[in-house]
1. May I ask you to list the residues in region 38-51 that are part of a helix (DSSP H, G or I), without any contact (Cβ under 8 Å) to a residue 60 or more places away in the chain and not aliphatic (A, V, I, L, M)?
2. If the requirement is being surrounded by 11 or more Cβ atoms within 10 Å (Cβ to Cβ) and over 23 Å from the mean Cα position of the chain (by Cα), which of these qualifies: Gly139, Gly129, Gly95?
3. Looking at region 63-81 only, could you name the residues that are closer than 11 Å to Ile128 by Cα and without any contact (Cβ under 8 Å) to a residue 24 or more places away in the chain?
4. Please tell me if Phe82 is modelled with pLDDT under 90 and assigned to a helix (DSSP H, G or I).
5. Where the second residue is exposed (fewer than 11 other Cβ atoms within 10 Å of the Cβ) and the first is in contact (Cβ under 8 Å) with a residue 24 or more places away in the chain and lies in region 11-23, which pairs have Cβ atoms under 8 Å and are six or more apart or on separate chains?
6. Need the failing condition index for Glu96 against (1) touching a residue at least 24 places away in the same chain (Cβ under 8 Å); (2) within 30 Å of Asp18 (Cβ to Cβ); (3) not in a helix (DSSP H, G or I), just the number.
Amino acid sequence: MTDFKQERFIRWQGRSLDYFSYAVNLFLGLSIGAIGFEISLLDNENFSLNCWEKCLFLISLISLLAASGIGISCIVNRVKDFRTTSTIVRKKSKGEYDDELEELRELVGIIGNRTRIFFSIQISAFSIGILCLIILMIGVYSHKLF
């Protein structure tokens with residue numbers, strides 16, 4: 001690869017990693033915000049649910065809690081990935097090409113795959129939680145909306 005193409009690749013790879021981190025943090029923040037909204041609904045005297053609404057509410061709350069927990073796991077996993085990658089770069093800069101370097105490279109690959117899986121699960125759990133919350137809100141407040 002030429003130097004110009006290498007620089008472009010590094011720049012776009014860096015942007016991709018940044019946007020991935022932003023997306024993880026965005027879904028984490030939205031999940032926590034939705035949990036706060038649901039908890040504030042429970043504090044409202046006029047908010048009462050029937051059987052199917054309680055089920056939707058519980059599914060939503062559990063899904064959003066799962067999305068938050070998985071989001072935190074994803075962030076911790078990313079930090080571990082960055083630390084391992086920095087160790088690889090340090091070893092390479094010192095010219096230390098040994099078995100440990102290969103093991104670290106394999107570990108980075110495993111951590112990266114795990115992070116992508118966590119992110120996919122986080123998005124799925126968030127989507128389920130928000131969808132249930134929207135359906136619940138339409139069911140509870142439909143008499144005020146229509």
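1. Step one: of region 38-51, the residues part of a helix (DSSP H, G or I) are 38-42, 51.
Now restrict to residues that are without any contact (Cβ under 8 Å) to a residue 60 or more places away in the chain: 39-42, 51.
Listed by number, the residues that qualify are Ser40, Cys51.
2. On the way: Gly129 fails: over 23 Å from the mean Cα position of the chain (by Cα); Gly95 fails: surrounded by 11 or more Cβ atoms within 10 Å (Cβ to Cβ).
Unique residue meeting the criteria: Gly139.
3. Of region 63-81, the ones closer than 11 Å to Ile128 by Cα are 63-64, 66-67.
Scanning region 63-81 gives no hits.
4. Working: modelled with pLDDT under 90: yes; assigned to a helix (DSSP H, G or I): yes.
Yes.
5. none
6. (1)
Condition check ((1) closer than 25 Å to Leu26 by Cβ; (2) of a type outside the set (Gly, Ala, Ser)) across all residues:
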{"residue": "Lys91", "(1), (2)": "no, yes"}
{"residue": "Glu100", "(1), (2)": "no, yes"}
{"residue": "Gly109", "(1), (2)": "no, no"}
{"residue": "Thr115", "(1), (2)": "yes, yes"}
{"residue": "Ile121", "(1), (2)": "yes, yes"}
{"residue": "Ser127", "(1), (2)": "yes, no"}
{"residue": "Leu133", "(1), (2)": "yes, yes"}
{"residue": "Met137", "(1), (2)": "yes, yes"}
{"residue": "Val140", "(1), (2)": "no, yes"}
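The values are calculated or read from the model by the stated rules, or taken from the named source; none is laboratory data. It should be emphasised that the depicted structure is a prediction, and the values quoted were computed from it without experimental measurement. FYI the Cβ positions are ideal-geometry reconstructions off the backbone, even for glycines, and counts take in every protein chain you see.
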